[in-house]
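Here the structure is laid out as structure tokens; the discussion comes afterwards.
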Amino acid sequence: MTGRYIQIEARDGSGTFRGYLALPEAGNGPGLVIAQEIFGINYTMREVADYYAEEGYVALVPDLFWRQQPDVELGYSEADWQRAFGFYQGFDEAKGMEDMQSAIDALRALPEASGGKVGVLGFCLGGKLAYLAACRTDADVSVGYYGVGIEGALDEAGKIKRPLTLHIAELDKFCPPEARERIVQALQGRPGVALHVYPGVDHAFA
């Protein structure tokens, strides 16, 4: 398993941005785009990519904050939390989803990504982006962990055409009970959509 950075072409022609690419020991496998938290492509996101590479995936973590500042990589100190929320508040979600599609396209184009299948996996901010990927991109499958703000985009649920799984923490203060209930009511029973609510656990339980 090896990790390196690659450059991804933005679909709107505005430039390139980097992504951390982790390859499995076999050298190839199905593709997985990992949508970052609000801390950029930090050590945790690289670890997640490395883990999935060990499981046989070709994993790519795109830099989704590049339009504000390239190569953001934050830790979890109070100062870094403040910076991270600043990037989160300045994040252009529509452009971010275009960049997710660019990352999916880039991964599909790699010879290491065998079979052309690419999934999306996301945590926190990335959990919402995984939901939006199911609505707006051609990802083959999307999986979101404790997504923040999904309840504000449920009007797009009718666009979901491919499998989506959401993992929700019961005690998540970023997704309070009323938000969780809206998500469950809107998505439960939809074809290809699976919802899992984990009792007694908080945000970032995974």
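The values are calculated or read from the model by the stated rules, or taken from the named source; none is laboratory data. From a predicted model like this one, the values you see are computed outputs, not experimental measurements. We place every Cβ from the backbone using ideal geometry, glycine too, and count neighbours over all the protein chains shown. To get the accessible areas, we keep the full protein, side chains included, count just its heavy atoms, and leave off ligands, DNA and RNA. Shrake-Rupley method; radii C 1.70, N 1.55, O 1.52, S 1.80 Å.
The set of residues in segment 16-27 that are within 21 Å of the chain's Cα centre (by Cα) and not in a strand (DSSP E or B) contains only Pro24.
For segment 19-30, the condition holds for at least one residue, the condition being that it is open to solvent by 40 Å² or more (accessible area, probe 1.4 Å) and touching a Pro at 6+ places or on another chain (Cβ under 8 Å).
Strands (runs of 3 or more DSSP E) fully within segment 95-191 that include at least 1 residues being farther than 30 Å from Glu25 by Cα and either in contact (Cβ under 8 Å) with a residue 24 or more places away in the chain or open to solvent by less than 30 Å² (accessible area, probe 1.4 Å) (or both): 164-169. The residues of segment 193-204 that are of a type outside the set (Asp, Glu), open to solvent by 50 Å² or more (accessible area, probe 1.4 Å) and at pLDDT 95 or above, listed by number, are His196, Val197, Tyr198, Pro199, Gly200. Every listed requirement among (1) in a helix (DSSP H, G or I); (2) open to solvent by 40 Å² or more (accessible area, probe 1.4 Å); (3) within 18 Å of Phe39 (Cβ to Cβ); (4) touching a strand residue (DSSP E or B) at 6+ places or on another chain (Cβ under 9 Å) is met by Tyr88 save one, (4). Are any of the residues in segment 62-84 closer than 17 Å to Ala133 by Cβ, part of a loop (DSSP other than H, G, I, E, B), touching a residue at least 12 places away in the same chain (Cβ under 8 Å) and open to solvent by 10 Å² or more (accessible area, probe 1.4 Å)? Scanning segment 62-84 turns up no residue that is closer than 17 Å to Ala133 by Cβ, part of a loop (DSSP other than H, G, I, E, B), touching a residue at least 12 places away in the same chain (Cβ under 8 Å) and open to solvent by 10 Å² or more (accessible area, probe 1.4 Å).
Here the condition is being crowded, with 17+ Cβ neighbours inside 10 Å and at pLDDT below 95; of Met45, Met1, it holds for Met1 alone.
For beta carbons closer than 9 Å, sequence separation of 6+ or different chains, a first residue in segment 11-33 that is more than 9 Å from Val61 (Cα to Cα) and among the hydroxyl-bearing types (Ser, Thr, Tyr) and a second that is modelled with pLDDT of 95 or more and part of a strand (DSSP E or B), the qualifying pairs are Thr16/Gln7; Thr16/Ile8; Thr16/Glu9.
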